[in-house]
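Notes to accompany the following structure.
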Amino acid sequence: MGSVLVVPQSQEETEFLVQLQQSNFWINCNDLQEEGTWKCENDEAEFRNWWTSPQWGPQPDNRRGIEHCAEMWVDQEAEWNDVRCDAQLPAICNQPAPQLHF
(Lines give C-alpha, C1' and ligand atoms only; values in the text may rest on other atoms or scores of the structure.)
Protein backbone atom coordinates (compact mmCIF):
# COMPACT_ATOMS: atom_id res chain seq x y z
CA MET A 1 0.00 0.00 0.00
CA GLY A 2 2.86 2.38 -0.72
CA SER A 3 4.73 1.85 2.55
CA VAL A 4 8.51 1.66 2.77
CA LEU A 5 10.95 0.81 5.53
CA VAL A 6 12.01 3.82 7.57
CA VAL A 7 15.31 5.64 7.19
CA PRO A 8 15.96 7.95 10.15
CA GLN A 9 16.82 11.46 9.01
CA SER A 10 18.10 12.79 12.35
CA GLN A 11 19.00 11.81 15.89
CA GLU A 12 15.56 13.04 16.96
CA GLU A 13 13.84 10.64 14.52
CA THR A 14 16.14 7.85 15.71
CA GLU A 15 15.09 8.40 19.31
CA PHE A 16 11.41 8.38 18.30
CA LEU A 17 11.79 5.09 16.39
CA VAL A 18 13.56 3.43 19.31
CA GLN A 19 10.55 4.29 21.48
CA LEU A 20 8.32 2.44 18.99
CA GLN A 21 10.53 -0.64 18.65
CA GLN A 22 12.87 -1.59 21.46
CA SER A 23 14.79 -4.30 19.62
CA ASN A 24 16.88 -4.17 16.46
CA PHE A 25 14.89 -3.42 13.31
CA TRP A 26 15.37 -2.93 9.57
CA ILE A 27 16.18 0.44 8.03
CA ASN A 28 15.85 0.95 4.30
CA CYS A 29 19.52 1.07 3.29
CA ASN A 30 21.69 -1.47 1.50
CA ASP A 31 24.78 -1.90 -0.63
CA LEU A 32 23.38 -4.64 -2.86
CA GLN A 33 24.22 -2.86 -6.13
CA GLU A 34 27.83 -2.08 -5.26
CA GLU A 35 29.73 -3.26 -2.20
CA GLY A 36 30.52 -0.35 0.07
CA THR A 37 28.20 2.11 -1.68
CA TRP A 38 25.22 2.41 0.64
CA LYS A 39 21.93 3.53 -0.86
CA CYS A 40 18.92 4.45 1.21
CA GLU A 41 15.28 4.88 0.22
CA ASN A 42 15.80 8.62 0.36
CA ASP A 43 19.16 9.14 -1.36
CA GLU A 44 18.99 12.78 -0.32
CA ALA A 45 19.43 11.72 3.29
CA GLU A 46 22.72 12.90 4.69
CA PHE A 47 22.17 11.48 8.17
CA ARG A 48 24.20 8.32 8.72
CA ASN A 49 24.67 6.82 12.14
CA TRP A 50 26.98 3.81 11.76
CA TRP A 51 28.16 2.13 14.95
CA THR A 52 31.86 2.23 15.82
CA SER A 53 33.39 -0.08 18.40
CA PRO A 54 36.91 0.03 19.83
CA GLN A 55 36.86 -3.79 19.79
CA TRP A 56 35.17 -4.50 16.43
CA GLY A 57 35.94 -1.33 14.47
CA PRO A 58 33.56 0.78 12.42
CA GLN A 59 30.40 -0.38 10.69
CA PRO A 60 29.53 -1.22 8.02
CA ASP A 61 32.11 -3.99 7.92
CA ASN A 62 30.52 -6.60 5.60
CA ARG A 63 31.49 -9.33 8.04
CA ARG A 64 32.14 -12.63 6.28
CA GLY A 65 31.28 -10.89 2.99
CA ILE A 66 27.52 -11.37 3.46
CA GLU A 67 26.21 -8.22 5.18
CA HIS A 68 24.48 -5.97 2.66
CA CYS A 69 21.41 -4.60 4.48
CA ALA A 70 21.11 -2.20 7.40
CA GLU A 71 19.52 -2.46 10.81
CA MET A 72 19.05 -0.06 13.68
CA TRP A 73 21.09 -1.62 16.47
CA VAL A 74 19.06 -0.62 19.50
CA ASP A 75 21.48 -2.19 22.00
CA GLN A 76 24.30 0.01 20.68
CA GLU A 77 22.71 3.40 21.30
CA ALA A 78 20.48 3.08 18.22
CA GLU A 79 23.36 3.19 15.79
CA TRP A 80 23.39 1.45 12.42
CA ASN A 81 24.88 -1.94 11.64
CA ASP A 82 25.17 -3.92 8.43
CA VAL A 83 23.52 -7.32 8.61
CA ARG A 84 22.58 -10.24 6.37
CA CYS A 85 19.57 -9.39 4.23
CA ASP A 86 17.83 -12.61 5.27
CA ALA A 87 17.99 -11.83 9.00
CA GLN A 88 14.69 -12.10 10.84
CA LEU A 89 14.05 -8.57 12.11
CA PRO A 90 10.96 -6.49 12.76
CA ALA A 91 10.26 -3.49 10.56
CA ILE A 92 8.85 -0.02 10.97
CA CYS A 93 7.29 1.32 7.79
CA ASN A 94 6.52 4.83 6.68
CA GLN A 95 3.45 5.51 4.59
CA PRO A 96 2.84 8.87 2.96
CA ALA A 97 -0.37 10.60 3.95
CA PRO A 98 -3.12 10.20 1.36
CA GLN A 99 -3.60 13.12 -0.98
CA LEU A 100 -7.03 14.65 -0.86
CA HIS A 101 -8.53 16.02 -4.05
CA PHE A 102 -11.32 18.56 -3.79
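So, in segment 4-35, of the ones that are hydrophobic (A, V, I, L, M, F, W, C) and part of a strand (DSSP E or B), which residue ends up surrounded by the most Cβ atoms within 10 Å (Cβ to Cβ)?
To start, the set of residues in segment 4-35 that are hydrophobic (A, V, I, L, M, F, W, C) comprises 4-7, 16-18, 20, 25-27, 29, 32.
Now restrict to residues that are part of a strand (DSSP E or B): 4-5, 25-27, 29.
On the way: VAL4: 13, LEU5: 17, PHE25: 19, TRP26: 21, ILE27: 25, CYS29: 23.
Filtering first and then ranking leaves ILE27.
Candidates ALA97, ALA87, ALA78: the one that is in contact (Cβ under 8 Å) with a residue 40 or more places away in the chain and small (Gly, Ala, Ser) is ALA78.
Tell me, yes or no, whether segment 33-40 has at least one residue that is under 22 Å from ALA97 (Cβ atoms) and in contact with a helix residue (DSSP H, G or I) (Cβ under 8 Å, 6 or more places away or on another chain). Reasoning before the result, please.
Residues of segment 33-40 that are under 22 Å from ALA97 (Cβ atoms), as a first pass: 40.
With in contact with a helix residue (DSSP H, G or I) (Cβ under 8 Å, 6 or more places away or on another chain) added as a condition, the list becomes none.
Among the residues of segment 33-40, not one is under 22 Å from ALA97 (Cβ atoms) and in contact with a helix residue (DSSP H, G or I) (Cβ under 8 Å, 6 or more places away or on another chain), which makes the answer no.
Test ALA70 against the stated conditions and say whether it is surrounded by 12 or more Cβ atoms within 10 Å (Cβ to Cβ), assigned to a strand (DSSP E or B) and small (Gly, Ala, Ser). In short, yes. Considering CYS93, CYS85, CYS40, the condition of being hydrophobic (A, V, I, L, M, F, W, C) and within 10 Å of the chain's Cα centre (by Cα) is satisfied by CYS40 alone.
How many residues are in a loop (DSSP other than H, G, I, E, B) and modelled with pLDDT under 95 when one looks only at segment 73-86? Let's see the steps before the verdict.
Let us first name the residues in segment 73-86 that are in a loop (DSSP other than H, G, I, E, B), namely 77-78, 84-86.
After this cut, where a residue has to be modelled with pLDDT under 95 as well, the list is 77-78.
So the answer is 2.
The values are calculated or read from the model by the stated rules, or taken from the named source; none is laboratory data. A quick note: this is a predicted structure, and the numbers were derived from the prediction, not measured. No Cβ is skipped: glycine too gets one built from the backbone with ideal geometry, and neighbour counts run over all protein chains shown.
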